[in-house]
Number of protein chains: 2
Amino acid sequence: MSVAAGREFLAIPGPTVMPDAVLQAMQRPAIDIYAGPAVALTDGLLRDLSTIFGTAGKTYIYAANGHGAWEAALTNVLSRGDKVLVLESGRFAIGWGDAAKMLGAEVEVLPGDFRRAVRPEAVEARLRKDAKGEIKALLVAQIDTASGVVNDIEAIGAAVRAAGHDALLMVDTVASLGCVPFAMDAWGVDVAMAGSQKGLMTPPGLGFTAAGPRARAAHKKAGMRTPYWDWTFRDGEVHYHKYCGTPPEHLLFGLRAALDMILAEGLENVFARHRLLAEATRRAVDVWSEGQAIAFNISEPDERCDTVTAVVTTGGESAQPLVDYCAQKCGVVLGRALGKSEGRGFRIAHMGHVNAPMILGTLGVVEMGLAALGIPHGKNGAAAAVEYLAKAVPA
Amino acid sequence: MSVAAGREFLAIPGPTVMPDAVLQAMQRPAIDIYAGPAVALTDGLLRDLSTIFGTAGKTYIYAANGHGAWEAALTNVLSRGDKVLVLESGRFAIGWGDAAKMLGAEVEVLPGDFRRAVRPEAVEARLRKDAKGEIKALLVAQIDTASGVVNDIEAIGAAVRAAGHDALLMVDTVASLGCVPFAMDAWGVDVAMAGSQKGLMTPPGLGFTAAGPRARAAHKKAGMRTPYWDWTFRDGEVHYHKYCGTPPEHLLFGLRAALDMILAEGLENVFARHRLLAEATRRAVDVWSEGQAIAFNISEPDERCDTVTAVVTTGGESAQPLVDYCAQKCGVVLGRALGKSEGRGFRIAHMGHVNAPMILGTLGVVEMGLAALGIPHGKNGAAAAVEYLAKAVPA
């Protein structure tokens, strides 16, 4: 038996569900790349991305994925030999640090726990010890999709200032931008980067960086700069230069449609929707956890992020049978566990173009799987999600 | 009066006309990036791209545009301080050399003429003088869309071997791949790069590199390598690594549809179609040139390429009124002149998803413009194209 036919739900944390309007916006011929509507398209996208990053600084769009945007962020502000402090809290800041190392930076990891957020006080303490100011930049992910953590970037920014340290604060917002609040300028973030394929609901292939004034000053003496990623080259008035070559037009058409949807809903409403659907998911997982076979990866409730919920098996068992059941029998593709919980967990994304039926349906499917596979779990987790949402969303 | 309503023809040399099947192939949800159909999609694309490059070597797909693929090609085989010889024949090899310079290479330009192809004997002579083998790589474009030239890569490869020189031969095939013959291995090319948006009929945003055995050997000691472009990182079996992060899925769906069309038509047939439509265009320009107000940019007939025809005004007049007439009154967007003829010429692309009505229609429109604007020209250029094609394509 199978109840999988019907629209498959891709519940992995990116690429996410693409709105029809976004896909349809890409259904058109290419346009001239030197003049005409393409120029206004770019100007509007850059303006709206700056709004979403929360910065009065400039934003850059790359034909690249998130790893490309990592490289863009690093090469524009660092020189070989610069020391970089990676704030560990999952997998992705470590990966960004690995990229920095290959590019010639000296990388130190401020050790973290795969089940906890970065502790701002640990950041402050480490920076206070760096009396010579050897650390040139901090790398941190706002949300890490592998661990399911959200880091308090505002508090980390305050910690940097409390330590009286000059290091650039560089933030990976790939899994958070357009889903949860991010206030680059207000929080003292110097460089932020993101990709198109998560909260921004656009097919993968676009990377973004945003640069604050301290980043621009560092850029002037950065030795890692390369032609493709270079901000200065992209700063001019020539449209073709803004992408260092041919603009990825169809992805830009899609991004335009996606940003229109986000701005029409209103950023605060988008954030609230993510918060409610994430909390509904957590209510279900809370109930299931009573069976003691599965648990949240992130141990502290207020460190669990609003875009993906990472669940681990408590005894180290493989979660693959559950993932397979959901995909093959029900048409829900869950995220596999990554990083330190690889092979022994699963992830439910609630990110981007998601609403109540998508998330409640997914929770129902996971509960079907737990029951069908005889995995011990508290009953009526999905019902708890319904109950929570009914109260949170009054008639 | 205007006869512009109707389907606009984008006659710029890339992005080119996107086949409906390519756009429609992108009209689908994202898929899992770690397993399932995405893996087979990648394997098939890499195999078919290697076929089109004419290599038994490996091919790499990047979320990037052509400038990104330039950087990928350079960083994978060079070290800072390496000497690179740029074979000038238009604009793009120079641009590629500028990128090499910013990346830390020492760049020498073998001077060329904006109206001529690279002379293989000049390459051989320069390499013979390099007794110490200081030159590590040659950079050349097979077709330069700014000048409209085609370089004889086979002869340049033979010249390198005749000089007994070890330099890597690196070829930009952005404006030629999938349009004219290219035989990477047979011609002794070590590194080739391309983009999605010209002959490969796919929206911009994908870059490609192909690596032969001598390039792979150079790669092992290359000091410019960076995480995003690195071949070694992309060589493993992990699907996610093949794109250094999230695959640009929708562009890959489009590319799959485009390669299916190219392979179904047959590469030799695709090349023949380009040759015929290019020659038809040249027949028309030949006739128009009798008025002595406009001329081919490339002076030697057999150095004119089969993907774009660059036309210049003989007296240095602006061609903008003609470009504007064609766009605004007729719905044909011609390419502006680039490089040394900037502002005083136009380009007609005949590249990718183009057929007889598209090209004959465009030639008719240009002839309308010449007449309407009173630009002296030989009459019945478009008719000459029809006559040529009627003979070349018997019933």
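Listed values, structure above:
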item: Residue within the range A:116-134 that is assigned to a strand (DSSP E or B), in contact (Cβ under 8 Å) with a residue 12 or more places away in the chain and either open to solvent by 10 Å² or more (accessible area, probe 1.4 Å) or more than 14 Å from chain B (Cβ to nearest Cβ) (or both) present; result: no
item: Verdict on residue A:146 being in contact with a helix residue (DSSP H, G or I) (Cβ under 6 Å, 6 or more places away or on another chain) and either surrounded by fewer than 17 Cβ atoms within 10 Å (Cβ to Cβ) or basic (Lys, Arg) (or both); result: no
item: Test for residue A:272: is it farther than 23 Å from residue A:338 by Cα, within 14 Å of another protein chain (Cβ to nearest Cβ) and open to solvent by 10 Å² or more (accessible area, probe 1.4 Å); result: no
item: Single residue of the range B:82-100 satisfying the filter (within 13 Å of residue B:118 (Cβ to Cβ) and open to solvent by 20 Å² or more (accessible area, probe 1.4 Å)) that is nearest to the other protein chains (Cβ to nearest Cβ); result: B:92
item: Counted residues, the range B:283-301 - those being aliphatic (A, V, I, L, M), within 27 Å of residue B:174 (Cβ to Cβ) and assigned to a helix (DSSP H, G or I); result: 2
item: Candidate set from the range B:30-54 (those that are open to solvent by 20 Å² or more (accessible area, probe 1.4 Å) and hydroxyl-bearing (Ser, Thr, Tyr)); member that is modelled with the lowest pLDDT; result: B:34
item: Qualifying residue in the range A:14-24 (condition: closer than 21 Å to residue B:10 by Cβ and surrounded by 17 or more Cβ atoms within 10 Å (Cβ to Cβ)); result: no
item: Within the range A:217-256, considering residues that are of a type in the set (A, V, I, L, M) and over 23 Å from residue B:16 (Cβ atoms), the one nearest to the other protein chains (Cβ to nearest Cβ); result: A:224
item: Residues of the range A:44-75 that turn out to be within 13 Å of chain B (Cβ to nearest Cβ) and either acidic (Asp, Glu) or over 13 Å from residue A:255 (Cα atoms) (or both), as a count; result: 12
item: Per-region count, the range B:195-216, residues farther than 18 Å from residue B:17 by Cβ and among the small types (Gly, Ala, Ser); result: 5
item: Hey, residue A:32 without any contact (Cβ under 8 Å) to a residue 12 or more places away in the chain, at the interface with chain B (Cβ under 8 Å from one of its Cβ atoms) and either farther than 30 Å from residue A:231 by Cβ or not polar (S, T, N, Q) (or both) or not; result: yes
item: Set A:99, A:73, A:122, A:105: member being touching a Leu at 6+ places or on another chain (Cβ under 8 Å), closer than 12 Å to residue A:172 by Cβ and at pLDDT 95 or above; result: A:99
item: Hits in the range B:3-13 (condition: surrounded by fewer than 17 Cβ atoms within 10 Å (Cβ to Cβ) and more than 10 Å from every other protein chain (Cβ to nearest Cβ)); result: B:3, B:4, B:5, B:6
item: Residue within the range B:250-258 that is free of Cβ contacts under 8 Å to residues at least 60 places away in the same chain and crowded, with 19+ Cβ neighbours inside 10 Å present; result: no
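Yes or no, residue by residue, for (1) open to solvent by less than 10 Å² (accessible area, probe 1.4 Å); (2) in contact (Cβ under 8 Å) with a residue 12 or more places away in the chain:
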position	(1), (2)
A:180	no, yes
A:185	no, yes
A:198	no, yes
A:203	yes, yes
A:208	yes, yes
A:220	no, no
A:227	no, yes
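Yes or no, residue by residue, for (1) more than 25 Å from the chain's Cα centre (by Cα); (2) assigned to a helix (DSSP H, G or I):
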| position | (1), (2) |
| --- | --- |
| B:233 | yes, yes |
| B:237 | yes, no |
| B:240 | yes, yes |
| B:246 | yes, no |
| B:251 | no, yes |
| B:256 | no, yes |
| B:260 | no, yes |
| B:264 | no, yes |
| B:269 | no, yes |
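The values are calculated or read from the model by the stated rules, or taken from the named source; none is laboratory data. These numbers come from a predicted model, not from an experiment. Ideal geometry is used to build each Cβ from the backbone, glycine not excepted, and the neighbour counts take in all protein chains shown. Calculation scope for accessible area: heavy atoms of the full protein, side chains included, ligands and nucleic acids excluded. Shrake-Rupley method; radii C 1.70, N 1.55, O 1.52, S 1.80 Å.
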